[in-house]
Structure formats: C-alpha cells, structure tokens
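See structure below.
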Amino acid sequence: MPDLLIELFSEEIPARMQARACDDLKKRVTDGLVEAGLTYASAAAFSTPRRLALTVEGLTGESPTVREERKGPRTDAPEKALQGFLRATGLTQDQLEKRDDKKGQVWFATIEKTGRPAPVIVAEVLEDVIRNFPWPKSMRWGSGTLRWVRPLHSILCILSDESGAQVVPMTIDGITAGDSTEGHRFMGSQRFSVSSFDDYTAKLKKACVMLDPAERADHIWHDATNMAFAQGLEVVEDKGLLAEVAGLVEWPVVLMGQIGKDFLELPPEVLQTSMKEHQKFFSVRDPKSGQIVRFVTVANRETADNGATILAGNEKVLSARLSDARFFWENDLREAKAGMGTWLDKLDNVTFHNQLGTQGARIARIAKLAREIAPQAGADPDLAEQAAKFAKADLASEMVYEFPELQGIMGRYYCAAAGMDPAVAEAAQMHYKPLGPSDDFPLNPVSVAVSLADKLDTLTGFWEIDEKPTGSKDPYALRRAALGIIRTVTGHNLRVGLERLIDMQLLEHTIALSLDTAEEREVYFLEEMVDEIAKFGVFGAAFHAVTDKLAGKDEPFEVEEGTWLARLRASLPEKSDDLLAFFHDRLKVHLRDEGIRHDVIDACLAMPGNDDLSLLVRRAEALSAFLKTDEGENLLQGFKRANNILTKEEEKDGVEYRYGADVKFAEEDSEKALFSALDDAETVIAQAMKAEDFGVAMGAMSALRAPIDGFFEAVQVNTDNQIVRRNRLNLLHRIRETCLGVADLTQIEG
Amino acid sequence: MTKTDGKPRSFQEIILRLQTYWASKGCAILQPYDMEVGAGTFHPATTLRALGTKAWAAAYVQPSRRPTDGRYGENPNRLQHYYQYQVVIKPSPPDLQDLYLGSLEAIGIDMDLHDIRFVEDDWESPTLGAWGLGWEVWCDGMEVSQFTYFQQVGGHDCKPVSGELTYGLERLAMYVLGVDHVMDMPYNDPQTPIALTYGDVFRQTEQEYSRWNFDVVDTDTLLTHFEDAEKECARILAAPADDPKIGKRIVMAHPAYDQCIKASHMFNLLDARGVISVTERQAYIGRVRALAKACADAFVETEAGGWQA
C-alpha cells in the first residue's frame, strides 16, 4: 500500500485563500483517485505561503479490472443498430457474442476495463486538479498558458512504500514533477529530495519551514501570550488575524514592540484597528487599565540581532500610521465639539442608495420613526430623535472614512465629546446591533428605539423599491435586519404593532420617491395619511379618513381607478403584508433554532395580533411547552377528535353548530362533567387571555383533557334523539371554540 | 546578486544604484516620460509595451503627480509630486522575485537582518482598463514596492504576461536612510560642499503646486483641456493607417496616447479642485478608460505592438 505525497510550490499564495485551497486540493485529488478506482486510508492537506501539500496514506497500488456485460440489438436488427452498439462499446463485431434471448438471438458484449497502476491515475488526476483548481482569482505568467494563483514553480509528486519512493511521471506546462523542494526563502539553503511525508516534514523543519498552519498558529499564540504574560499584559484575541498571520510566514518569530507614548491616548479601538488593518499586528492590553500598550508582530525569520532591526522598523512604520490616525482623531474631535454640523451637511450629499436617496434623507426618516417608537421602547422621544439624528454623523468623519469598521464606535466617542446625553452617545454605537445571530441586541431604550427605526427604515425602503432578498442573495443584509428587530423586540418583550410602523414607513418612502413627480396635493395626502396611521394604526381606515377629510373641503375627493392613489391603495397593503410575512419567516427560522416547531408557530400566527412579535413568541413558547407534556398531547387528540366529528357532521347537515349547548339535555354524567369543566375553563381562559398569560390558559385547557376523554368514552355523539345529538354537537363546538381561543390547534401536525 | 558595499548616503545614490542594478540585469534604462502622469505605469514604456507579443525589458524613474496628495510640504511623507522607480519585463522571468530581492540588497537592505514579505495586493487601474495580480512587498512591516503580473491592459489580455515592479522612491529612501521627514532627506551626498536636502529642492514647489492645485487652477480651462484632449485623441485614431504623404503605414498610437495621459491628468486636477461629484467621477474615469482602450487597440496595430504586414 503506497503513500502519495504532493507538493505544489509557487510564489506567495494570499493568506486568505490558503485554508480553502487545502480543502479543495484534498477533496479534488481524493475524489479523483476514488473515481478512478483507487482507495485510500487517510488524507491531509497543508499550506504555507509558498506551498500546498497533500499526503494520502494507504493508497491501493492499482485500480481493479472491471468486467461489464452489455446487451445489444437483436442479430436480425438493421446494420445501423449493430454499428451504433459497436461504437458505444468500443468493440469490433468478432468480439461480440450471440446469445438466445426471449425474443430471439441477441448480441452481447463483454467490456473489460483493465486495472491501471496508481502512478498513471495519480498523474492524470493531479493534472486535472491543477488545470481546474477553483482559486478565487488566478493568473497567467511569463509566456505560459497555465493558470495558478501566482506563478507555479515546481511539483513534487511521489509514491512511496517500504521499498522506497518513486516519482510519478508527469509534466504540465513545462513543469516536470520530481521528488525535491525548497525550504525557507531566506533561511533555507539548497533544494533537497524527500522520500516520504515524514521525511518531507522533517527536512522542511530543518530548512526552517513549519508545514502545518495549525502548528504555526499555535506557536504564534503560545509565544505571544507568554511574552505578554511576562510583562503582566495580555494579547487581545483575534482568531481571524491569527489565521491570516500564520498564512504569511513559514517560520514564525514573535516579537513584541512599543507603541509611542504620544499615541496611547488614542481610543483603544483605533489603535487596535490601525495596527491590525495596516500592519497585521496583535494588540497587547494592560488588563488593569484596558489600554492597548504594546503590539505583537510576527516576522518570517530569525536574525543575528534577535529581531532588533525588524522590530525597530516595525515600530517606526507604526508611528507613521498612528500619526495619521491621531491626525484624523484630532480633526474629528474638533468637528464633534463644534456640533457635527458640517458632517450632517456632508451626509446630505452622500448617496445611500441610488433609489432611496441620500444619507441625510435617510437619517431624517429614521429620526422621525425613532421618535414614534420611543414611547413603546420606554425612551424619551426627544432623546431618541436626537440620537437618531447623530447616530450616523460619524460616517462623514475622517476616521471612519479611513476605517469603515469603526463606524458607530467613533460616533460614540464623538457624541460624548460633543457633550451629548450618554444615552445618545451610546445609541451611536449600539443602534447597529445586533450584527449577527450571536451578537447582543441593544439594551438602553434610546438605542433600542434608534436601532428599530434604522432597521425598519431599511427594510421598508428596499421593500418599497422591490429589492428583496432572493435565495442566497441578500446584498443589503435584510434578513439580518429583520432578525435584529425580532431579537430586540422579543428580548425586551416590547409591545410593538409592527404593521402600523411598516405602513407608516412604506408611506414615508413613497413620499420620498415621489417628491419630484407628485403634485403638492398628492404629497399632502400622503403626509396626512402617515399621521392618521400613527394615530389609528390601520392603513385602510387612514386612507378613508384622509379622503373624507379632503372631500369635506371645497370639492369632492374621489380616488379614480388607474390613478397613482388607487394604485397605492392596492399596492401598499400588499407590500406591507409581504414584509410582515418576511418577518414571520425569519421568526420561524429563529424559533426553530430554539426548538419550537414550525407548525406550533403557524398555530400562533393564525391568531389575531400576529404583528406583535413579543405576544407571538410568548404564545408559541407556551404552546410548545404545553404540547410537550402528556396533558397537552392528549388534549390535542381530544380536540382533534371533537373537531373532526363536528366538522364532518356540519358538512353533512349543512349547518354550523355553534349556539345553545344546554346542560339540561345532558344525559350522561360524563357529559355533565364536560359542561361544568368547560364552564370553569372558559372563565379561567378568558381571564388569562386578557392578561396574556398563555401558561395559565393552557393549564386550564389541559384540565379539559380528562372530561373530554371521559365524554368520548361514555357518550355516542350521533344518537337517534336529534335534540340530544344537536346538543352534543353544540357542546363539541364549545370545545373547539375554547381551544381555538388560545391557538389554532388545527395547524398542529400529528 | 550584486552586493554593493555599505549604505547609500543620499536619495540620488539610491536611484543611481537601482539604475546600475537593473542595467546589469539587462533592462534598457529609459528616461522619464515628458508629460504629467499619476504613476510610472502611465509611461508608454509600461502601458503600451505590456501589449502585444514582443519581448521587452525597461527600467526608469518617473516623476508622478497626485494633486490631491499635496500638503504644502508639511506632511512627513505626502507629496503632490514624487518619484517612482519602475521596472517592466515581458515575458515575466521565472526568477523575477529573486531579481527584485537583489535590487533591495543593491540599495543597502541586508537580507539577513530584515524581514521581507510578499503580501497579497491586487492592482487595478480603472482609468487604464488594466489589472494584475501580485503583492505589496513589506520590509519590516513597511510597504516598499508593488509587484504585479499584468493580466490585462486597455481591455486586452496580456500575452505574454509582463512583470511590473514599482518602488515609491521617497518612502523607500527615507526608510533606507533612516529619515523621518521627507524634506530632511539628503538629496545629494551630505558630505559634499553644497549639500542639498529634499526640502531644498522641493519644498517651494510643493507649496506652489499645492496652492495652485487646490485653489487657483481654473476649472473651466481644465474642463476645456479635458475635452480637447478627448477630441484630439479620437481624431488622431480616426486617421487612416496609411500616411498619404509618405505612402507608408503609420498608426499614431503614441500621439493618441499622449492625449489620454493629458485627459487623465486634467481629471486628477479637477478632482483635487473638488469640483467632481461622486457620480461624475465614475463617468470621467470611464471616459479616460475609453481613450486608453482605443490607444491600446491602436498600439497592437503597430510594429512595436506585434503587428505584421
């Protein structure tokens, strides 16, 4: 069983592409080998800046010979059919065999695929993998036609077993595979031959190359943390940076350096970002003060002066970088203290989206909406409006221009520097949250109001211009925005009627979009309607209220078919419903992750008030918990039985049984018991529903389980006595009505 | 590799050593192009010569103008006029990385003491319709050069591929000479009787041009120049290939390309004057790119571009 070793040696491979390239190399080569009939025991791939390597152990020495029989046309079939069969099998007529079949004599072919030795297969597979490698970006070089991520210099490809190693013969675009490679660009010396994977890694290490990226990362992290610890400091963890830096070096040497005193005053986020983005330095923090006080850089070599020259150079470059950062910081602080007016003016001229207008217009919309949401979030409306107005001011600052990832963080510093309320400053940072499914949602009420307003404005805007997420495409991160709203609203148990806010904001976008083309009167109509919705919360009613108001004036106001108002009357509720359905879809995904089944959510979505996400979630949680108990499960069966019988009889009789179940027509004890149980449950459930205490409501529902079971055991619903029968059906209706008041149990599966 | 003794002492010595080194590696040492350009890549010795099949090897200093980077000579490392050193070799030789590292040694960077790294940095010039893959080269964390394998220029695939090296001379020299402010850098040998610093040579011009670029240059004139250059470029290229006077085929790719360079510089100046909005910006870049493409199309119809009768 030979082992296969492949190394593709090139000029420096971008760090960000290496991990994926390892996976691709391993998958494509092993898939190719298996497809060609070889098997193997294990495989692993590695990368350094200059090489991709793959080891495949326990490879079979050749592919097996395979025989396959194929049935052809009848011997008396036309010549054409026979020729076609010969072409398909690659045989000649004398190699075929005549056999008797049910319908006569038929040609049979026996095709033998001879097994092939591993080297031939490996060469074929590797050439195919190299020629079709899925680099995110690839290039040509020199006069060749081959594409690789950067110029490919050599290929090492050997099969080795106890008897020794054998080079796999192959040549691709002038590069002939061999058994040798190079070590470190500066610390290695001559090319060397290798005879196995173990020999390869050992010789590489001697030539100052650590092959395994995980080993390099461990080494870097270990040395960096030790060095920091020795000085009572700690390295700020950054897994992405660690992986990147490990992909930039073959022989990592960790060095810790000083940050000039003049720069220690900069906000830690600025220091950290500048050092990471420009220099790929780790930040080292003083755990007592939280300040960044040192940096760690990773060199690719050892030197006679133990890195002194390298470190001095890096410190100098950092000084220049931080001088720039300090320059931005000082300029920005000056603007901030002057009230940020110039920034806001600037944002009036910055496009947010070519259809949705400028950042300035967007901010104005968000501020208005934040004011509307504030009371429900428990925030002061004035503060919320102010916070929304300044929350994105930092987008015009020099620091955020230089480091876009500092948006919000800088805003917070600048609002604080401007002497604004701490809640306003906090909102500048926190309104962006949550940034992902595991990120925290905002806590402070002002931040909550601005965050919700921001995300709702974005969602309604893109819904208004019909730029909704499709499949894997969601360029404006609208799914994330919706999930952010869901998590923030339910996390704080806020009682927000989403439909009203969606309608209002869709109208705001309609106004903004039609400002250029609409007549004054149309804009007036829309603005009036926003106010009406704010007051009464329903689009249709607001529409009528405003038309009525206008009709009361000097001339009658009619919305004629075909006008834009008529189109608006039709389209806005459609968009609004669609966006609410989008929220519900996101909610399902979110709750499924928390273990709540989709049919449970459907049962709750069918209830009134389903745009109140907190209510919806509490109902779903209670129902989900209830259905997991035996009582719940049995009650569900009882309900379904009652509902099925009732529905069937109603269909048969063509009537609805809904009134007048009377205990005086009850014949059996169990029937009477059900009456009294329903009386009790209805009272409790009505109160609990009023208090929105779904747990209590479901508890009361579960008290119905025994009486329902008892009823079905003892009583035959369909008796000959029509009075008794109707009374029983009306009683079943009470079960249905009572249960459906809590959730639509007909949606529950099973 | 050529080991040159000791550290260079001045800005000009670094340039001289680079010239000597690349000459020794077989490059034709060209002179700067006599027009205002934003980068060494704009020199026709790179842009146009990267096209077509003919082999090419050249190195040269190119003064480069970036009006928006003017800081009145105050900023330690920002200038509206600075120098790039440019090497372009077609087809890119297999040992180009080693040749490049040799040039660093030639200017006094000791490979045994420094940490040289090739960090991914893909190059794209929207105005030239050009792109390539490569790296920025770091020396102890500082970017000292740009290293690019050209894949496309003026919308044409580069076959063969040119290797391009660009050194930002001031920054590199400041690093090698250990100077913190560009204006303090020795321009000639500091031991010489009339020792000049970079500031002695360029502080005044930085001030003058910063003022002119930002506040004085007449934008209407610039706009007219831009449009004139655009028109002239089209007119040149519209001329028939055969010269009726001499009776020979003369495709005027270079004169047309001069107009493209001119338009590009006018655009840079307009940009520095802050009169170009974000949306207009894209439109202007598109117009310059259209000129560059037309010139590239013309160049491949010339002998230097590989055209054969």
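The values are calculated or read from the model by the stated rules, or taken from the named source; none is laboratory data. Owing to the predicted nature of the structure, the values given are computational and were not obtained by experimental measurement. Note that we place each Cβ from the backbone using ideal geometry, even for glycine, and neighbour counts take in every protein chain shown. Surface accessibility is based on the protein's heavy atoms, side chains included, excluding ligands, DNA and RNA. Shrake-Rupley method; radii C 1.70, N 1.55, O 1.52, S 1.80 Å.
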With the structure loaded, tell me whether residue A:174 is at pLDDT below 95 and within 24 Å of residue A:128 (Cα to Cα) or whether it fails that test.
yes
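Looking at A:367, A:379 in this structure, which one is open to solvent by less than 40 Å² (accessible area, probe 1.4 Å) and not in a helix (DSSP H, G or I)? Explain how you work it out, then say what you get.
Working: A:367 fails: not in a helix (DSSP H, G or I).
That would be A:379, the only listed residue that is open to solvent by less than 40 Å² (accessible area, probe 1.4 Å) and not in a helix (DSSP H, G or I).
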The lone exception for residue A:272 - which of (1) more than 7 Å from chain B (Cβ to nearest Cβ); (2) open to solvent by less than 30 Å² (accessible area, probe 1.4 Å) it fails:
(2)
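Within the stretch A:124-151, can you find the residues that are part of a helix (DSSP H, G or I) and either at pLDDT below 95 or open to solvent by less than 50 Å² (accessible area, probe 1.4 Å) (or both)? I'd like the intermediate steps shown before the answer.
So in the stretch A:124-151, the residues part of a helix (DSSP H, G or I) come out as A:124-131.
Those that are part of a helix (DSSP H, G or I) and either at pLDDT below 95 or open to solvent by less than 50 Å² (accessible area, probe 1.4 Å) (or both): A:125, A:126, A:129, A:130.
Applying the selection to the stretch A:1-18, what residues are more than 14 Å from chain B (Cβ to nearest Cβ) and either at pLDDT 95 or above or crowded, with 18+ Cβ neighbours inside 10 Å (or both)? Reasoning before the result, please.
Going through the stretch A:1-18, the residues more than 14 Å from chain B (Cβ to nearest Cβ) turn out to be A:1-8.
If the condition is that a residue be more than 14 Å from chain B (Cβ to nearest Cβ) and either at pLDDT 95 or above or crowded, with 18+ Cβ neighbours inside 10 Å (or both), then A:2, A:3, A:4, A:5, A:6, A:7, A:8 are the ones that fit.
Of everything in the stretch B:62-81 that's open to solvent by 60 Å² or more (accessible area, probe 1.4 Å) and in contact (Cβ under 8 Å) with a residue 40 or more places away in the chain, which residue is nearest to the other protein chains (Cβ to nearest Cβ)? Talk me through it step by step, then tell me what you get.
As a first pass, look at the stretch B:62-81 and keep what is open to solvent by 60 Å² or more (accessible area, probe 1.4 Å): B:66, B:68, B:71-72, B:74, B:77-78.
Right, trim to in contact (Cβ under 8 Å) with a residue 40 or more places away in the chain and you get B:66, B:68, B:71-72, B:77.
Numbers: B:66: 16, B:68: 13, B:71: 11, B:72: 15, B:77: 7 Å.
Applying the filter and picking the extreme gives B:77.
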Here the qualifying pairs (Cβ atoms under 6 Å; residues six or more apart or on different chains; first in the stretch B:117-132 and away from chain A (no Cβ under 11 Å) and part of a loop (DSSP other than H, G, I, E, B); second at pLDDT 90 or above and crowded, with 20+ Cβ neighbours inside 10 Å) come out as B:127/B:264; B:127/B:288; B:127/B:289; B:128/B:292; B:129/B:154; B:129/B:289; B:129/B:292
Elements of type strands (runs of 3 or more DSSP E) contained in the stretch A:1-85, each with 3 or more residues being within 17 Å of residue A:156 (Cα to Cα)
A:3-10, A:42-48, A:51-57
Here the residues within the stretch A:507-549 that are farther than 12 Å from residue A:569 by Cβ and either outside any helix (DSSP H, G or I) or hydroxyl-bearing (Ser, Thr, Tyr) (or both) are A:514, A:515, A:516, A:517, A:518, A:519, A:524, A:537, A:538
Residue by residue through the stretch A:572-605, note down the ones that are open to solvent by less than 40 Å² (accessible area, probe 1.4 Å) and under 17 Å from residue A:542 (Cα atoms).
A:572, A:576
Can you tell me how many residues in the stretch A:594-613 are farther than 21 Å from residue A:373 by Cα and either aliphatic (A, V, I, L, M) or in contact (Cβ under 8 Å) with a residue 12 or more places away in the chain (or both)?
12
Selection from the stretch A:398-418 of residues that are open to solvent by 10 Å² or more (accessible area, probe 1.4 Å) and of a type in the set (Ser, Thr, Tyr):
A:401, A:413
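Going through the stretch A:604-632 one residue at a time, which ones are in a loop (DSSP other than H, G, I, E, B) and among the β-branched types (Val, Ile, Thr)? Quick ask: steps written out before the conclusion?
As a first pass, look at the stretch A:604-632 and keep what is in a loop (DSSP other than H, G, I, E, B): A:606-611, A:628-629.
Across the stretch A:604-632, the qualifying residue is only A:629.
Taking into account only those residues within the stretch B:133-178 that are under 30 Å from residue A:315 (Cα atoms) and of a type in the set (Asp, Glu), which is modelled with the lowest pLDDT? Talk me through it step by step, then tell me what you get.
First, the residues of the stretch B:133-178 that are under 30 Å from residue A:315 (Cα atoms): B:133-148, B:164-178.
Checking the rest, the ones that are also of a type in the set (Asp, Glu) come to B:136, B:140, B:143, B:164, B:170.
Working: B:136: 96, B:140: 94, B:143: 91, B:164: 97, B:170: 96.
So, considering only residues that are under 30 Å from residue A:315 (Cα atoms) and of a type in the set (Asp, Glu), the one modelled with the lowest pLDDT is B:143.
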Residues of the stretch B:103-115 being within 13 Å of chain A (Cβ to nearest Cβ), closer than 23 Å to residue B:23 by Cβ and open to solvent by less than 10 Å² (accessible area, probe 1.4 Å), which ones?
B:104, B:109
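Do we find that residue A:285 is under 28 Å from residue A:415 (Cα atoms), in contact with an Asp or Glu (Cβ under 9 Å, 6 or more places away or on another chain), basic (Lys, Arg) and open to solvent by 10 Å² or more (accessible area, probe 1.4 Å) in this structure? Explain how you work it out, then say what you get.
Working: under 28 Å from residue A:415 (Cα atoms): yes; in contact with an Asp or Glu (Cβ under 9 Å, 6 or more places away or on another chain): yes; basic (Lys, Arg): yes; open to solvent by 10 Å² or more (accessible area, probe 1.4 Å): yes.
Taking the combined requirement at face value, the residue satisfies it.
Can you tell me how many residues within the stretch A:433-466 are in a loop (DSSP other than H, G, I, E, B) and under 17 Å from residue A:503 (Cα atoms)?
First, the residues of the stretch A:433-466 that are in a loop (DSSP other than H, G, I, E, B): A:433-444, A:465-466.
Now restrict to residues that are under 17 Å from residue A:503 (Cα atoms): A:465-466.
Adding up the residues that qualify gives 2.
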Select from the stretch A:240-259 the residues that are within 12 Å of chain B (Cβ to nearest Cβ), open to solvent by 10 Å² or more (accessible area, probe 1.4 Å) and either assigned to a helix (DSSP H, G or I) or over 19 Å from residue A:306 (Cβ atoms) (or both) and list them in ascending order.
A:244, A:248
So which residues in the stretch B:34-54 are free of Cβ contacts under 8 Å to residues at least 60 places away in the same chain and not in a helix (DSSP H, G or I), if there are any at all?
B:34, B:43
Per the filter on the stretch B:135-173, residues more than 9 Å from chain A (Cβ to nearest Cβ), more than 23 Å from residue B:260 (Cα to Cα) and open to solvent by 20 Å² or more (accessible area, probe 1.4 Å) are B:136, B:146, B:168, B:171
Considering each of A:160, A:195, A:189, A:154 in turn, give the residue that is in contact with a Phe, Trp or Tyr (Cβ under 7 Å, 6 or more places away or on another chain), among the small types (Gly, Ala, Ser) and not in a helix (DSSP H, G or I).
A:154
What are the pairs, 6+ residues apart or on separate chains, where a residue within the stretch A:508-526 that is of a type in the set (A, V, I, L, M) has its Cβ under 6 Å from a residue that is outside any helix (DSSP H, G or I)?
A:512/A:357
Could you list all residues from the stretch A:294-322 that are at pLDDT below 95 and away from chain B (no Cβ under 12 Å)?
A:322
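Looking at the structure I just gave you, is residue A:34 open to solvent by less than 20 Å² (accessible area, probe 1.4 Å), of a type outside the set (S, T, N, Q) and either under 19 Å from residue A:201 (Cα atoms) or modelled with pLDDT of 95 or more (or both)? Walk me through how you get there before you give the answer.
On the way: open to solvent by less than 20 Å² (accessible area, probe 1.4 Å): no; of a type outside the set (S, T, N, Q): yes; either under 19 Å from residue A:201 (Cα atoms) or modelled with pLDDT of 95 or more (or both): yes.
Considered against the rule, which asks whether it is open to solvent by less than 20 Å² (accessible area, probe 1.4 Å), of a type outside the set (S, T, N, Q) and either under 19 Å from residue A:201 (Cα atoms) or modelled with pLDDT of 95 or more (or both), residue A:34 comes out as no.
Could we say that residue B:181 is more than 8 Å from chain A (Cβ to nearest Cβ) and more than 29 Å from residue A:308 (Cα to Cα) here? Even if it seems obvious, please write down each step before you answer.
Details: more than 8 Å from chain A (Cβ to nearest Cβ): yes; more than 29 Å from residue A:308 (Cα to Cα): no.
It is false that residue B:181 is more than 8 Å from chain A (Cβ to nearest Cβ) and more than 29 Å from residue A:308 (Cα to Cα).
From B:294, B:290, B:272, grab the single residue that is without any contact (Cβ under 8 Å) to a residue 60 or more places away in the chain, open to solvent by 10 Å² or more (accessible area, probe 1.4 Å) and small (Gly, Ala, Ser). Write out each step before concluding.
Working: B:294 fails: without any contact (Cβ under 8 Å) to a residue 60 or more places away in the chain; B:272 fails: without any contact (Cβ under 8 Å) to a residue 60 or more places away in the chain.
The conditions single out B:290.
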Flag if residue B:261 is away from chain A (no Cβ under 14 Å), touching a residue at least 24 places away in the same chain (Cβ under 8 Å), part of a helix (DSSP H, G or I) and farther than 22 Å from residue B:304 by Cβ:
no
What are the residue pairs meeting all of these: first residue in the stretch A:345-363, first residue closer than 18 Å to residue A:456 by Cβ, second residue of a type in the set (S, T, N, Q), Cβ atoms under 8 Å, and 6 or more apart or on different chains?
A:352/A:358; A:352/A:359; A:357/A:351; A:359/A:351
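Somewhere in the stretch A:386-393, is a residue surrounded by 22 or more Cβ atoms within 10 Å (Cβ to Cβ), over 31 Å from the mean Cα position of the chain (by Cα) and not polar (S, T, N, Q)? Spell out the reasoning first.
Pass one, the stretch A:386-393, residues surrounded by 22 or more Cβ atoms within 10 Å (Cβ to Cβ): A:386-388, A:390-393.
Then keep just the ones that are over 31 Å from the mean Cα position of the chain (by Cα); that gives A:386.
Of the ones still in play, those that are also not polar (S, T, N, Q) are none.
Within the stretch A:386-393, not a single residue is surrounded by 22 or more Cβ atoms within 10 Å (Cβ to Cβ), over 31 Å from the mean Cα position of the chain (by Cα) and not polar (S, T, N, Q).
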